[in-house]
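S.K.: Questions regarding the structure given below will be posed in turn.
The values are calculated or read from the model by the stated rules, or taken from the named source; none is laboratory data. Owing to the predicted nature of the structure, the values given are computational and were not obtained by experimental measurement. As a convention, Cβ positions derive from the backbone with ideal geometry for all residues, glycine included, and neighbour counts pool all protein chains shown. Heavy atoms of the whole protein, side chains included, go into the accessibility calculation; ligands, DNA and RNA do not. Shrake-Rupley method; radii C 1.70, N 1.55, O 1.52, S 1.80 Å.
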Amino acid sequence: MKKILIIEDEELLYNLLSKKLITGGYDVSISKDGQKGLDSMKKDIPDLVLLDIIMPNKNGFEVMEEMQKDERLKNIPIIIISNSGQPVEIDKAKNLGAKDWLVKTDFEPLEVIKKVKKQIG
Amino acid sequence: MDDKKRTENLLKMTMEDLEELERYIEELSSFLPLAVCTINPSGVVLVVNSAFQNLTGYREVEIIGEKVDSLFLNKKDFQNLIESKTLKEKTILTRRMTLSKKEGGKIPVNMAISIRRNKEGNFLGHFIALSDISEFEKLKQGLEEKVKERTKNLEEQTQEITQSRVALMNILEDVEKAKEESEEERDKTLAIFENFPEGLLFLDQKNRISSINPGLRNFFELDPEKVIGEKIAELEKESPLNFLVDILGTTSAGAYKKELELKENLILEISTIPVMRVKGKIGTLVILRNITREKTVERLKTEFVSISAHQLRTPLSAVKWTLKMILDGDLGKISEEQHEFFLKTYKSNERMIRLVNDLLNVTRIEEGRFLYNVKSQNIIKIAQEVINSCSVLAKRKKIALKFQEPKSKIPKVKIDTEKINIVIQNLIDNAIRYTKNNGKINISVKYLKDQKNILVSVKDTGIGIPKNQEKRIFKRFFRGVEAIKMETMGTGLGLFIAKNIVEAHGGKIWFESVENKGTTFYFTIPIASATISK
Amino acid sequence: MSLISKQFLEEIKKMEGEIIGSSLKTDREFIVEKEGVEGLSKLEMEMGKLGYPLKQAEIDKYKWYPVQQDFLSLMLAQKMFNWSDKTVQEWGRWGAKTNFIIKLMSRLVNKETISKLASKYWRRYYTKGEIEYKLDYKNKTGITTIRDFVIYPVHLHYLEGYFYQIMCLIVPAKDLKVEGSEVGELNTHQFKITW
């Protein structure tokens with residue numbers, strides 16, 4: 001079973017998301033802020049990270065930057081789920097290893113799962 | 001010797017003397033080149049010399065005994081002269097007279113006249129000397145005429161010169177005026193140049209630094225002396241103006257813009273503009289704008305938008321996801337009635353999301369003057385992506401979404417991918433929205449070679465756009481009456497944004513529509529985009 | 001056939017008096033003027049025939065010659081050349097213009113002096129004869145009387161011209177007229193002058 005790490009600070013969202021993911025047959029772990037997320041993935045390397053940008057304790061970019069520095073982490077596929085989505089940021093994220101950027105209001109959970117599927121099956 | 005003989009001898013001697021005297025007088029008289037005559041108190045000619053005879057044309061026998069005034073044209077004049085007091089006082093009086101020659105000719109003569117008196121002082125008559133001054137007068141007249149002619153010529157020349165001078169003065173005045181005006185202009189220009197709040201640099205045709213303004217020195221430490229006249233290529237390595245080298249190659253092309261970060265707090269935007277005159281390019285104007293603040297503002301705006309987006313969207317996404325999961329039954333079974341209510345709420349929320357999206361886009365499009373990240377792209381790929389993402393929606397309404405790719409390979413276009421994405425998305429969204437179930441939507445991409453454009457069209461079999469609303473289609477917040485009736489979630493911003501994006505790329509957007517039959521939207525993107533990169 | 005009869009010639013030969021050479025010379029110059037050099041030659045030849053040869057070139061201006069030279073040449077000329085009285089008058093005027101004596105005299109002649117000078121200058125010409133000159137300027141008339149002098153008609157006309165010319169010196173020539181005539185006494189002639 002593939003492991004998905006959700007790094008998201010909004011409870012409602014990560015709850016809904018993880019529910020959907022579990023239904024979709026994925027193993028889900030949740031971290032509520034950037035640092036916690038990094039610690040978590042270091043301990044247990046996920047198959048994919050669903051990463052929010054605006055979070056306390058290291059934002060999404062910082063997380064990605066850190067991941068890039070770590071050999072073990074830098075190749076983990078990342079899908080950004082955020083409510084911002086300016087091209088500057090998207091580009092930056094893509095340069096840091098993000099495979100996709102999904103704006104929460106434009107993508108419902110199901111669609112998110114589809115994207116995940118696309119990435120890792 | 002007796003008396004008679006003596007007397008005879010004496011007489012003989014006297015006669016001989018007399019003869020000698022007479023001969024002398026005769027000789028003298030003949031020699032005298034001056035015409036002389038003796039007149040008696042009555043004015044009768046007594047004696048004339050040969051010169052006199054030659055001059056007057058009269059022989060001795062003809063003139064002796066005649067009145068001398070018959071020789072002159074103006075007899076009265078002569079008479080007055082003879083009687084004048086001045087003559088009596090002076091020894092000689094001269095007067096110009098006109099002589100009537102025997103054969104009729106009249107010649108000017110200079111007459112000298114003097115009174116003769118015997119040893120007792122009695123008046124004996126006059127001596128008159130005449131000299132022919134006709135030659136002299138002819139010469140004089142000739143000279144006078146020449147002088148007159150010369151004077152006339154000179155006057156004419158003077159007049160010409162005066163006229164030329166006047167004309168020249170006028171020209172000079174005009175030139176002065178033009179000079180003043182040009183100086184004024186130049187002063188104005190100079191004033192503008194000097195006072196321009198940004199940095200200005202003027203390069204001549206040979207890319208030498210011709211002038212710099214004070215504004216430039218706000219950015220760089222410059223010694224004008226070292227810099228002016230220098231060719232850019234030959235600037236010192238340490239020269240702060242070295243960045244100009246990069247733009248050298250671009251000065252011949254059209255306007256050019258580039259950002260230059262000097263320090264953290266100093267970001268400049270360099271624009272180069274070729275300065276043209278009738279005779280061709282005379283130089284390049286380089287403008288350096290301090291856009292640090294602008295960039296900061298932009299960054300802040302971006303951040304603001306980012307944060308606003310986030311702030312606005314967070315609740316929206318939360319509602320969206322929750323409602324979706326409810327509607328999907330992921331959070332438990334719900335009744336039909338509940339489903340209906342939740343669905344309405346969901347749709348309303350979706351509208352809100354769209355509005356926020358559009359507002360965020362508009363803000364960005366409006367305040368961002370440039371397109372972001374213009375890259376050469378294959379527009380087909382982008383179109384395909386959008387179509388794919390819309391397929392779900394289309395399928396729900398059972399609308400057939402077809403993509404008509406061009407037969408041959410088309411060139412890439414320089415576009416802002418995300419933005420063009422928005423445009424195509426918007427058009428297809430509209431097509432889907434305003435087409436009833438079981439309709440057809442055809443998307444095509446064509447390469448118009450002679451116009452050097454890519455043409456994208458989205459054709460639907462929808463409700464169409466009424467004639468009276470055509471003009472307002474691209475306006476902000478406009479929604480067609482029928483469109484509203486369909487209760488779809490349009491914000492009225494979509495086409496407005498799409499138009500801005502297309503036009504920012506240098507393209508055009510338009511449509512053709514027949515009510516209740518369908519609408520086709522077209523837009524073009526030029527191959528060689530004239531857009532400016534950021 | 002001679003122009004002058006022998007008898008007349010004898011008469012003239014008896015005359016006394018001399019004439020100054022310059023006058024003769026002047027008179028002959030007139031002949032040259034009118035009849036050319038050939039005319040004068042002819043005259044001289046005739047004069048020679050009459051016993052009074054004299055060539056123009058030989059005449060000494062200051063010498064005295066027999067008065068016959070004058071008289072005869074006057075007569076001969078008129079007869080030979082068929083001169084009118086008018087021409088002879090002209091001759092007289094000529095005589096009063098150019099010769100040496102008249103040049104001397106004319107300078108001195110004026111209204112006041114003419115009467116006094118007349119006889120003085122007559123003597124310069126002729127050794128015989130007396131002249132009296134009277135002029136009335138108010139009435140513009142005058143009389144010249146020559147006494148004790150033989151004047152043949154031709155000479156009379158000559159003198160008319162002569163005096164005319166003299167008068168020209170002092171009065172306007174416009175209405176000037178000189179008329180000579182014989183008067184009762186022997187060898188006395190008068191010239192009436194009006195202007």
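S.K.: Could you run through the range B:240-259 and say how many residues are assigned to a loop (DSSP other than H, G, I, E, B) and either open to solvent by 60 Å² or more (accessible area, probe 1.4 Å) or modelled with pLDDT of 70 or more (or both)? Give the derivation first.
M.R.: Just the residues of the range B:240-259 that are assigned to a loop (DSSP other than H, G, I, E, B), to begin with: B:249-255.
Checking the rest, the ones that are also either open to solvent by 60 Å² or more (accessible area, probe 1.4 Å) or modelled with pLDDT of 70 or more (or both) come to B:249, B:252, B:255.
Result for the range B:240-259: 3.
Quick grid of which residues meet (1) acidic (Asp, Glu); (2) in a helix (DSSP H, G or I); (3) more than 14 Å from chain C (Cβ to nearest Cβ); (4) open to solvent by 100 Å² or more (accessible area, probe 1.4 Å):
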| position | (1), (2), (3), (4) |
| --- | --- |
| B:Arg96 | no, no, yes, yes |
| B:Ser114 | no, no, yes, no |
| B:Phe127 | no, no, no, no |
| B:Glu155 | yes, yes, yes, yes |
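S.K.: Can you tell which of C:Gly92, C:Gly129 is at pLDDT 85 or above and within 13 Å of chain B (Cβ to nearest Cβ)?
M.R.: Working: C:Gly129 fails: within 13 Å of chain B (Cβ to nearest Cβ).
The match here is C:Gly92.
S.K.: For the structure I just gave you, tell me whether B:Glu26 is farther than 21 Å from B:Asp132 by Cα, within 14 Å of chain C (Cβ to nearest Cβ) and surrounded by fewer than 16 Cβ atoms within 10 Å (Cβ to Cβ).
M.R.: Working: farther than 21 Å from B:Asp132 by Cα: yes; within 14 Å of chain C (Cβ to nearest Cβ): yes; surrounded by fewer than 16 Cβ atoms within 10 Å (Cβ to Cβ): yes.
Yes; evaluated as a whole, the condition is true for this residue.
S.K.: What's the number of the only condition in (1) open to solvent by 40 Å² or more (accessible area, probe 1.4 Å); (2) away from every other protein chain (no Cβ under 14 Å); (3) in a loop (DSSP other than H, G, I, E, B) that A:Gln68 fails to meet?
M.R.: (3)
S.K.: Identify all residues within the range B:350-374 that are farther than 20 Å from B:Leu495 by Cβ and either at pLDDT 85 or above or touching a helix residue (DSSP H, G or I) at 6+ places or on another chain (Cβ under 7 Å) (or both); write none if there are none. Don't jump to the end; show me each part of the working.
M.R.: The initial filter retains those residues of the range B:350-374 that are farther than 20 Å from B:Leu495 by Cβ, namely B:369-370, B:372-374.
Selection gives B:Tyr372, B:Asn373.
S.K.: Take the residues of the range B:326-354 that are of a type in the set (Ser, Thr, Tyr) and outside any loop (DSSP other than H, G, I, E, B): which is surrounded by the most Cβ atoms within 10 Å (Cβ to Cβ)? Let's see the steps before the verdict.
M.R.: Of all residues in the range B:326-354, those of a type in the set (Ser, Thr, Tyr) come to B:335, B:345-346, B:348.
So of that shortlist, the ones also outside any loop (DSSP other than H, G, I, E, B) come out as B:345-346, B:348.
Values: B:Thr345: 16, B:Tyr346: 18, B:Ser348: 13.
Restricting to residues being of a type in the set (Ser, Thr, Tyr) and outside any loop (DSSP other than H, G, I, E, B), the top hit is B:Tyr346.
S.K.: Only one of B:Asn74, B:Asn80, B:Asn9 is touching a strand residue (DSSP E or B) at 6+ places or on another chain (Cβ under 9 Å) and surrounded by fewer than 17 Cβ atoms within 10 Å (Cβ to Cβ); which? Break it down stepwise before answering.
M.R.: Numbers: B:Asn80 fails: touching a strand residue (DSSP E or B) at 6+ places or on another chain (Cβ under 9 Å); B:Asn9 fails: touching a strand residue (DSSP E or B) at 6+ places or on another chain (Cβ under 9 Å).
The unique qualifying residue is B:Asn74.
S.K.: Ok, one more. Quick one: would you say B:Lys440 is open to solvent by 40 Å² or more (accessible area, probe 1.4 Å) and out of contact with any strand residue (DSSP E or B) (no Cβ under 8 Å at 6 or more places or on another chain)? I'd like the intermediate steps shown before the answer.
M.R.: Values: open to solvent by 40 Å² or more (accessible area, probe 1.4 Å): yes; out of contact with any strand residue (DSSP E or B) (no Cβ under 8 Å at 6 or more places or on another chain): no.
Spelling it out, it is not the case that B:Lys440 is open to solvent by 40 Å² or more (accessible area, probe 1.4 Å) and out of contact with any strand residue (DSSP E or B) (no Cβ under 8 Å at 6 or more places or on another chain).
S.K.: Can you tell me which condition A:Asn75 does not meet? The list is (1) surrounded by fewer than 20 Cβ atoms within 10 Å (Cβ to Cβ); (2) within 16 Å of B:His310 (Cβ to Cβ), and all the others hold.
M.R.: The failed condition is (2).
S.K.: For the list (1) closer than 29 Å to B:Asp429 by Cα; (2) touching a residue at least 24 places away in the same chain (Cβ under 8 Å); (3) of a type outside the set (A, V, I, L, M); (4) surrounded by fewer than 19 Cβ atoms within 10 Å (Cβ to Cβ), I need the number of the one condition that A:Asn83 fails.
M.R.: Only one criterion is unmet by A:Asn83, namely (4).
S.K.: Within the bounds of the range C:117-138, is there any residue that is among the β-branched types (Val, Ile, Thr) and touching a Lys or Arg at 6+ places or on another chain (Cβ under 6 Å)?
M.R.: Restricting attention to the range C:117-138, the residues satisfying the condition of being among the β-branched types (Val, Ile, Thr) are C:127, C:131.
Now narrow it down to the ones that are touching a Lys or Arg at 6+ places or on another chain (Cβ under 6 Å): none.
Scanning the range C:117-138 turns up no residue that is among the β-branched types (Val, Ile, Thr) and touching a Lys or Arg at 6+ places or on another chain (Cβ under 6 Å).
S.K.: On to the next question. Return the total of residues in the range B:98-112 being more than 20 Å from B:Val36 (Cβ to Cβ) and open to solvent by less than 50 Å² (accessible area, probe 1.4 Å).
M.R.: First, pick out the residues of the range B:98-112 that are more than 20 Å from B:Val36 (Cβ to Cβ): B:103-106.
Remaining after also requiring open to solvent by less than 50 Å² (accessible area, probe 1.4 Å): B:104-105.
Count: 2.
S.K.: What do you reckon, is A:Ile4 more than 14 Å from chain B (Cβ to nearest Cβ) and either part of a helix (DSSP H, G or I) or open to solvent by less than 30 Å² (accessible area, probe 1.4 Å) (or both)? Walk me through it before giving the result.
M.R.: On the way: more than 14 Å from chain B (Cβ to nearest Cβ): yes; either part of a helix (DSSP H, G or I) or open to solvent by less than 30 Å² (accessible area, probe 1.4 Å) (or both): yes.
Criteria met by A:Ile4.
S.K.: Among the residues of the range A:14-24, is there at least one that is assigned to a loop (DSSP other than H, G, I, E, B) and either out of contact with any helix residue (DSSP H, G or I) (no Cβ under 7 Å at 6 or more places or on another chain) or hydroxyl-bearing (Ser, Thr, Tyr) (or both)?
M.R.: no
S.K.: Among the candidates A:Ile79, A:Ile53, single out the residue that is more than 11 Å from every other protein chain (Cβ to nearest Cβ) and either under 11 Å from the mean Cα position of the chain (by Cα) or assigned to a loop (DSSP other than H, G, I, E, B) (or both).
M.R.: Values: A:Ile53 fails: more than 11 Å from every other protein chain (Cβ to nearest Cβ).
Just one listed residue meets the conditions, A:Ile79.
S.K.: Continuing with this model, one more query. Could you check the range B:267-312 and list, in sequence order, the residues that are in a helix (DSSP H, G or I), away from chain A (no Cβ under 14 Å) and buried (at least 18 other Cβ atoms within 10 Å of the Cβ)?
M.R.: We begin by selecting, within the range B:267-312, every residue in a helix (DSSP H, G or I); these are B:292-312.
Okay, now just the ones that are also away from chain A (no Cβ under 14 Å), so B:292-294, B:296-297.
Of everything in the range B:267-312, nothing turns out to be in a helix (DSSP H, G or I), away from chain A (no Cβ under 14 Å) and buried (at least 18 other Cβ atoms within 10 Å of the Cβ).
S.K.: Considering only residues that are open to solvent by 20 Å² or more (accessible area, probe 1.4 Å) and either within 14 Å of chain B (Cβ to nearest Cβ) or aromatic (Phe, Trp, Tyr) (or both), which ones fall in the range C:99-116? Walk me through it before giving the result.
M.R.: Keep residues of the range C:99-116 that are open to solvent by 20 Å² or more (accessible area, probe 1.4 Å), which gives C:100, C:103-104, C:107-108, C:110-113, C:115-116.
The answer is C:Phe100, C:Lys103, C:Leu104, C:Arg107, C:Leu108, C:Asn110, C:Lys111, C:Glu112, C:Thr113, C:Lys116.
S.K.: For B:Leu323, which of the numbered conditions (1) facing chain A (nearest Cβ under 8 Å); (2) assigned to a helix (DSSP H, G or I) fails to hold?
M.R.: (1)
S.K.: Here are A:Asp106, A:Asp44, A:Asp39, A:Asp91: which of them is facing chain B (nearest Cβ under 9 Å) and open to solvent by 60 Å² or more (accessible area, probe 1.4 Å)?
M.R.: Exactly one residue qualifies, and that residue is A:Asp106.
S.K.: Within the range B:326-358, restricting attention to residues that are within 14 Å of chain A (Cβ to nearest Cβ), among the aliphatic types (A, V, I, L, M) and without any contact (Cβ under 8 Å) to a residue 40 or more places away in the chain, which residue is farthest from B:Arg313 (Cα to Cα)?
M.R.: Restricting to residues being within 14 Å of chain A (Cβ to nearest Cβ), among the aliphatic types (A, V, I, L, M) and without any contact (Cβ under 8 Å) to a residue 40 or more places away in the chain, the top hit is B:Leu331.
S.K.: Of the conditions (1) farther than 22 Å from B:Phe31 by Cβ; (2) surrounded by fewer than 17 Cβ atoms within 10 Å (Cβ to Cβ), B:Glu135 satisfies every one except a single condition; which number is it?
M.R.: Unmet for B:Glu135, out of (1) farther than 22 Å from B:Phe31 by Cβ; (2) surrounded by fewer than 17 Cβ atoms within 10 Å (Cβ to Cβ): (1).
S.K.: May I pose another question? Take the range B:98-112 and flag every residue that is farther than 15 Å from B:Phe52 by Cβ and in a strand (DSSP E or B). Full working, then the answer.
M.R.: Step one: list which residues in the range B:98-112 are farther than 15 Å from B:Phe52 by Cβ, which gives B:98, B:103-106, B:108.
Result: B:Thr98, B:Lys106, B:Pro108.
S.K.: Kindly indicate which of C:Lys63, C:Lys14, C:Lys55, C:Lys34 is under 25 Å from C:Ser84 (Cβ atoms) and open to solvent by 40 Å² or more (accessible area, probe 1.4 Å).
M.R.: Numbers: C:Lys63 fails: under 25 Å from C:Ser84 (Cβ atoms); C:Lys14 fails: under 25 Å from C:Ser84 (Cβ atoms); C:Lys55 fails: under 25 Å from C:Ser84 (Cβ atoms).
From the options C:Lys63, C:Lys14, C:Lys55, C:Lys34, the qualifying one is C:Lys34.
Residue-wise test of (1) in contact with a Pro (Cβ under 8 Å, 6 or more places away or on another chain); (2) open to solvent by 20 Å² or more (accessible area, probe 1.4 Å); (3) free of Cβ contacts under 8 Å to residues at least 40 places away in the same chain; (4) closer than 22 Å to C:Glu18 by Cα.
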position: C:Ile143; (1), (2), (3), (4): no, yes, no, no
position: C:Ile146; (1), (2), (3), (4): no, no, no, yes
position: C:Tyr158; (1), (2), (3), (4): no, no, no, yes
position: C:Cys168; (1), (2), (3), (4): no, no, yes, no
position: C:Val171; (1), (2), (3), (4): no, no, yes, no
position: C:Lys174; (1), (2), (3), (4): no, yes, yes, no
position: C:Gly184; (1), (2), (3), (4): no, yes, yes, no
position: C:Gln190; (1), (2), (3), (4): no, yes, no, yes
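S.K.: Residues in the range B:401-416: is at least one of a type in the set (Gly, Ala, Ser), open to solvent by 20 Å² or more (accessible area, probe 1.4 Å) and modelled with pLDDT of 85 or more?
M.R.: No, there is no match, as no residue in the range B:401-416 is of a type in the set (Gly, Ala, Ser), open to solvent by 20 Å² or more (accessible area, probe 1.4 Å) and modelled with pLDDT of 85 or more.
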